[in-house]
Amino acid sequence: MKKCGLPTLTRRRLISITAAALLLPGGATARPKRFEWQGSALGAQAKVVLYHPDAGAAEAAITACLAEISRLEDQFSLYRPGSALRQLNATGYLADPSHDMRRLLHLCHLYGELSQGAFDPSVQPLWQLYAGHFAGHPGTDAGPPPDAIRATQRQIDYRRIAIGAAEIRLDPGMSLTLNGIAQGYITDRVADLLRARGWSDVLLNLGEIRALPGRSWSVGLMGDNPSLLLTDAAVATSAGAGSPFAGPGGPHHLLQPRTGRSAGRYSLVSVLARTATAADALSTALYLSPPERAADLLRQGGGQQAWLRRPNGALWHLKA
Amino acid sequence: MSGNRGDRQNQGQQCHPPILLIALLALCLMVISPPAWTKQGERFDPETLAKVFPGAERAGSLAGNPLAASVFKGGARLGYIFSTQDVVGSVGFSGNPIDILVGLSNQGVISGAKLRSHNEPILVIGIPDQALRQFVDGFANIDIRRPGQVREGETFGRLPVAISGATISSAVIGDSIIRAARTVARSRGLLKSVQAKLRLDRENYEPADWPELRADGSIAHLVLSRGKIEQAYRDRVAIPGANFPGDRSPEELYSELYTGLITPPRIGQNLLGAQAFNRLLGKMGPDDQAILIAGNGLYSFKGTQYRRSGLFDRIQIVQGDKIIRLVKPHYHLVGGLKIAAAPQLREIGVFVIPADTGFDALSDWRLELLVSRETKQGGQVYLDFPLTYVLPPVYRIGQVAPATLEQPNQLDRVLTYFQQQLNDGEPALWLRNWRDRAGRITILVGLLLILSAVLVFQDNLVRHQRLYRSVRLMYLTVTVVWIGWYAGAQLSVINVLTFAQSLLSGFRWEFFLLDPLIFILWSYVAVTLLFWGRGVFCGWLCPFGALQELLNEAARRLRIPQISVPFALHERLWPIKHIIFLGLFAVSLHSTILAIAGSEVEPFKTAISMHFIRHWPFVAYVGGLLFLGLFIERFFCRYLCPLGAALAIPARLRMFEWLKRRFQCGQECRLCAVRCTVQAIHPNGSINPNECIYCLACQANYFDDRTCPPLVAKRKRQEERAGKQAAYLAKAGQ
C-alpha cells in the first residue's frame, strides 16, 4: 500500500504537481479570483484552489471543505487518535459504522477483486513488520526475514473484512490501512460537497487531485511526464520511491500482499479517472499488479488513462 | 419647530387617477435609463478606497450575496466595502436609489462611508453639500455590533445627528448604512457574537399547514427517481456498474424523503398535534432536538436492519465534521401526521437527537440516504444522497438586549431612530415615523375632518357670509402656519414624479408611508379629487396657495389696486403650467435629479419648507411671485404651478357638481367671474374645473341677495313691492 505511518512528506514532494489554471475564454461576467487553502489532510499536504469573485464565499466553502475533511479523517485516519479506523484496528470491531466507512470498505473489496488481491487494505500488518524491522535495524537495506513475512501474510486478506450494516469485524491480528484509497475518497466527497453547493472552477489536491467541472487545469505529472489538461476528472499517482523504509532503491511502502515484498515493476504510476477514488485505488492497484493485468484493471476499475514508468525510465501510456 | 422642516418635499401618495394616468403614460414611453450604481465585479479606485476604508491597500471586486468587495492590506483582509444600494436596495425619500459606499472592518466597525449618488430633493439644492458630507462621514467608527451603545469618544463614535432641515432624509441614510452593514456582517460571519446570542425558538406556536411549512423551508424535501439515481452513479462513481434490475421507467419514484427539525412548536406541534408533540417533548432532554424523517417510494429509509441491530443503517446525519447515527432508542414511531394538507407518507419517524451528540439546531445539517447497487463484478457500490436542511431564520430568536441606554439629551431625536434600528427586532422605519408623529397625525386628521365638513355642508356655510369668510381665513392661516411652516407637509410635484418613477421601478408601500402627514394628505387629495376636483387641495390645503391668498387679502384691505387680466390673455397663459409639468415629467424619465432641480420652479421649498432661509436668488424668486400675487391674486397658481397642472389632468373625472350656477350667470351677470380669485369662471358663466380652486367665493355670492345681481334684483323687486304695498296700506288706512 501507499504511504503509511511515518510522517514523511517525501512522496508528496516527489509527485508534487504543477497545477495551473488556464483561463478559458468567454468568462465575461465576474472576475473570479484565485483562493488557495493549504494544509494537511490524512498526514499529507493538501491544497484547495478555488476561483470565485468573492473571498467571503470562498472562505465559507473552504470552511465547509475542512469540516468535511476533518469528519472523514475521523473515520479513515491511521494517525488520528480515536478515529474509526484505529478503533477497528485496535479491537477488530467497529459498531455503527458510518456510511462512509461502509462505502469505502466496499470499494476496497471491489478493487481487491478487480486486482485479484493486489490491492488489499489489510496489508497494514506487513507494513508494520517492515517499519518495525527497519526501526530495529538501522542502516540495513535488507527486509524482514522471510518467515516473519510469511507469518504476517497469513493475516492479510481483504475478503475476511466482514462489512455489516451495523458492525464491521476483522479477524484477530488483522488491521487495515485505507491510505491507498481514502485520500481519493475524501477528495471526491469534498468535490461532491462543493458541487452540491454550486461550485465549479475548483482544483482539489487532498493527496489526490481532482478538478471540478468548469475550468481546465494544466497538471504536470512527475517531472518529465507529459502534462495533461484536467477537466472534470481526477488524477492520482503512486510512487514507491516516495516513502522508502530505508535508503533509495530499497523496500518501500507499496507492498504486494502475494509476495510480501515491495513492488518493483514501476517507479511511478499515474492514473486519470473521473473520480479521485478510482484514480487513487487504480494507481495503487496498477503499481502492484503484473503488466498483463493492467489494461483490464484500468477499464474495469473505471480508469481512463494510466502512465506507468519503469525503473529504467521507459514510459508506458495506457488508455482504457 | 424641531428638525422636521426638511420632510415635506417627499412622497406619500396613493394610487389615484392622475398619477395612474401619468404612470400609464410613462409605461408607454418606457424610456428610463438604468440607474448607475455598482455592478457585480466593479472595482474601486484608490481614492474611493482611501476615503471609505482608510489604511486599506487594495480592494477586490464586488461579488457574493449580498454584493461586497473584500479590502486588503498586504495579504490580510481588513474588511469589506459595499454599496447600500446593492445590499439593501436603499431608496431615499425621493423614491430613488441612494447609493452610499460603506466600509466595514472585520471587527464590525464602519471604517467610512461615502455618498455616491442620491436624488434627495432636499439635498439637491436645499442643504449645503458640506452638511451632507459631514453627516455621512459621521458614520465612521460606528460599531454595528454594539447596538445602542452610544459612547462618547473615538472608538465607537456617536451616531451622527441628522442634517437639520432634512431629518427624514437623514434617517433614511442612516437606516440604509446600518442595515446594509449588518446585512453584510451577517453574511460574512462578522456578527458571530450576535449569532452566538441566537437560540432556537422552542416556544412560539402558530398554526400552519403542510404547504406552508414546505414553502418556508421548515420541511426539506428530496425526490430520487430511478433516473436520478442512475445519473448520480454515472456522475459520482467511476466503476462501471450494473443497471437496476428490470425495465423500470427512469421516472419511477425510488425514494422520497422529507425532513425537518421539529423542536420548534410551529413545526412539531403542527405536524404531530399538540398531544403527541408534548408527549415527545416529555421524553426528551431539555437540550435534545427532534427531527422528523418521512418518506415514500420503493426504497425505505428505515430498512429492516434496525429491528435487529438497533441502527438505522440507511440514514445518517452529517453536520460539519460530525456524523450522527440514528438508533432505535431514539426513534419514535408516528402513526400519522395531524397537519392539514400533508401528502401520503409511507413511512414516518421521529428521531430524538441527544444534546451530547453536539448537534447544533441552528446550523445547517444534511440527512444522507445510503443507496447501494451491484456492479458488474458482483460487488456492492454504495452512494449517499444528501438532503440539506437549513433552519429558516424565523426559528432563530435573537436575545433582545435590554434597553438600558441613557439618551443623551443633546442628541437629536433621530438618534433614537438609529438606536432602535440598531437593536434587534428592528421596527420598520415608516412605522416608527407614524408612531412618533401620532400628535401631528391627529391634528392633521382633525383639520381634514373640518375641511370635509366645510365641503359637505358648503351650501349651509356660504349662506352665512361672515362665518364663511372667517372659516376660510382661519383655515388658510392654519394651512400656512401649521401644515406648511410647522409640519412641513407641503405637497409637491416631486411627489407626483417620484410616484410615477416608483411605478416604473418597483412600487413599495413602506416607502410612501415614510412621511405620515404627506401620505395622509395625498390620500385625502386623491379622494377629494375624485369627488370635487383638484380645487380642494389647491384652495384649502396648499400652504403656498394659502399664503398667496392671505397676502392678497391683506393687499386688498390696503387698497392695493388689483389687475384684472383680460380673459383672452388669461386663457392663453393657462397652458404654461401644463407645459411646465409635462416638461418636468419628461425630464424625470431621464433624470430625477434634473427634474427635482427643475421643480424649483415651485416656490414651496423656499417659502414653506425652508422658511425663506436660503440663497438670495431663491428668495428673490419667491418674493417676486408673492409681489405679483399682490396685484394678481394667486399669480403662481394660475399660470405656473406644475402640481396644479398635474392635478388638473384628472379634474374632469370629478363626480360631484356642487357649485351652483344660475341661468343668468354669464348672460346678464359676470360678477362671480370678476370676483373669482383665480378667474376660473369663463365669461359665459361656466366654471372651469381645471382652474377652480374651490374657494366657494362664487357660492357665497350665489346665496347673497346683496351681492348676486339676480338675487339683488329679486330682493329689490320684493322690497319695492313691499314698499308699494306698505305705501298703499298706509294710504288705504288714511
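The values are calculated or read from the model by the stated rules, or taken from the named source; none is laboratory data. Quick caveat: nothing in here was measured; it's all calculated off a predicted structure. Here Cβ is always computed from backbone atoms with ideal geometry, including for glycine, and neighbour counts include all displayed protein chains. Areas reflect the complete protein model, heavy atoms only, side chains present, ligands, DNA and RNA absent. Shrake-Rupley method; radii C 1.70, N 1.55, O 1.52, S 1.80 Å.
Enter the accessible area of B:Glu203 (Å², nearest 10), with the probe set to 1.4 Å and all protein chains included.
Looks like 110 Å² after rounding.
Suppose the chain between B:Ala597 and B:Lys731 were pulled fully straight at 0.36 nm per residue; how much longer would it get relative to their current alpha carbon spacing? The partial results should precede the final answer.
Numbers: separation 134, 0.36 × 134 = 48.24 nm, distance 7.81 nm.
Gain on stretching B:Ala597 to B:Lys731: 40.4 nm.
What does the structure give for A:92-101 when I average, per residue, the other chain Cβ atoms found within 10 Å of the residue Cβ?
5
Nearest 0.05, what FRET efficiency do B:Ser452 and B:Asn106 give at R0 = 60 Å with Cβ-Cβ as r?
0.55
Which net charge results when you count Lys and Arg as +1 and Asp and Glu as -1 among the other residues whose beta-carbon is under 14 Å from that of B:Ala651?
Details: positive: B:Arg534, B:Lys577, B:Arg652, B:Arg654; negative: B:Glu657, B:Glu691.
So the surrounding residues net to +2.
Counting only the heavy atoms of the protein chains, how much of B:Tyr258 is accessible to a 1.4 Å probe, in Å² to the nearest 10?
20
When you count, for each residue, the other Cβ atoms within 10 Å and take the mean per peptide, how do B:330-339, B:479-488, B:543-552 rank with the highest first?
For the peptides B:330-339, B:479-488, B:543-552, the packing ranking is B:543-552, B:479-488, B:330-339.
Please work out the C-alpha center-to-center distance from the range A:41-118 to the range B:521-575 and express it in whole Å.
83
Could I have the simple spin-label model distance between B:Asn460 and B:Ser564, label points 7 Å from Cα toward Cβ, reported in nm to one decimal?
Roughly 3.5 nm, to one decimal.
What is the range A:28-319's relative contact order, in percent, from Cα pairs under 8 angstrom and six or more apart in sequence?
It comes to 17 percent, rounded to a whole number.
Averaged over A:166-172, how many beta carbons belonging to a partner chain fall within 10 Å of each residue's beta carbon? Walk me through the numbers on the way to the answer.
Values: counts 10, 3, 0, 0, 0, 0, 0.
Neighbouring Cβ atoms belonging to other protein chains average 2 per residue here.
Relative contact order of the range B:433-703, please, whole-number percent, based on alpha carbon pairs below 8 angstrom and at least 6 residues apart.
Relative CO of the range B:433-703 lands at 26 percent.
Just the number, please: buried accessible area between B and A, total of both chains, 1.4 angstrom probe, nearest 100 square angstrom.
Approximately 3300 Å² gets buried when B meets A.
Please compute the modelled spin-label separation between B:Arg199 and B:Ser470, points set 7 Å along Cα→Cβ, answer in nm with one decimal.
According to this spin-label approximation, the distance is 6.6 nm.
Take the residue pairs A:Lys33/B:Lys73; A:Lys47/A:Lys319; A:Lys33/B:Lys228; B:Lys605/B:Lys660; B:Lys283/B:Lys338 and return only those whose Cα atoms are more than 25 Å apart.
Table pairs above 25 Å Cα-Cα are A:Lys47/A:Lys319; A:Lys33/B:Lys228; B:Lys605/B:Lys660.
Which aspartates and glutamates have a Cα less than 20 Å from the Cα of B:Lys716, not counting those fewer than 8 places away in the same chain?
B:Glu668, B:Asp704, B:Asp705
Take the Cβ-Cβ distance between A:Thr259 and A:Arg80 as r, set R0 to 30 Å, and report the resulting FRET efficiency rounded to the nearest 0.05.
Working from the Cβ atoms, E equals 0.45.
Among B:Arg373, B:Arg77, B:Arg634, what's the order by accessible area (1.4 angstrom probe), most exposed first? It would help to have the intermediate numbers written out before the result.
Numbers: B:Arg373 25, B:Arg77 45, B:Arg634 0 Å².
Result, largest first: B:Arg77, B:Arg373, B:Arg634.
At 1.4 Å probe size, what's the solvent-accessible area of B:His221? Round to the nearest 10 Å².
Approximately 60 Å² of B:His221 is accessible to the 1.4 Å probe.
Take B:Ile520, B:Ile681 and sort them by solvent-accessible surface of the protein heavy atoms, 1.4 Å probe, largest at the top.
Largest accessible area first, the residues go B:Ile520, B:Ile681.
For the range A:58-145, with every protein chain kept in place, what is the accessible area per residue (1.4 Å probe, Å²)? Before the final figure, lay out the partial values.
On the way: 2890 Å² over 88 residues.
Using a 1.4 Å probe on heavy atoms only, each residue of the range A:58-145 averages 33 Å².
First select every other residue whose beta carbon is under 14 angstrom from the beta carbon of B:Tyr395; then total the charges, Lys and Arg +1, Asp and Glu -1.
Net charge in that neighbourhood comes out at -3.
Around B:Gln548, with a cut-off of 12 angstrom between Cβ atoms, what is the net charge of the other residues, counting Lys and Arg +1 and Asp and Glu -1?
Around B:Gln548, the surrounding residues sum to -1.
Take every residue in peptide B:61-67, count the Cβ atoms of other chains within 10 Å of its Cβ, and give the average of those counts.
Mean partner shielding for this stretch: 5.
To the nearest Å, what is the center-to-center distance of the range B:449-498 and the range B:698-724, using C-alpha atoms only?
Comparing the Cα centres of the range B:449-498 and the range B:698-724, I get a distance of 30 Å.
Can you pull the one-decimal nm distance between simple spin-label points at B:Thr357 and A:Arg197, each 7 Å off the Cα toward Cβ?
2.2
Can you tell me the FRET efficiency between B:Asp704 and B:Asp137 if r is taken as the Cβ-Cβ distance and R0 is 60 Å, rounded to the nearest 0.05?
For B:Asp704 and B:Asp137, the calculated efficiency is 0.45.
Using only the heavy atoms of the protein chains and a 1.4 Å probe, how would B:Glu668, B:Glu719, B:Glu602 rank by accessible area, largest first?
B:Glu668, B:Glu719, B:Glu602
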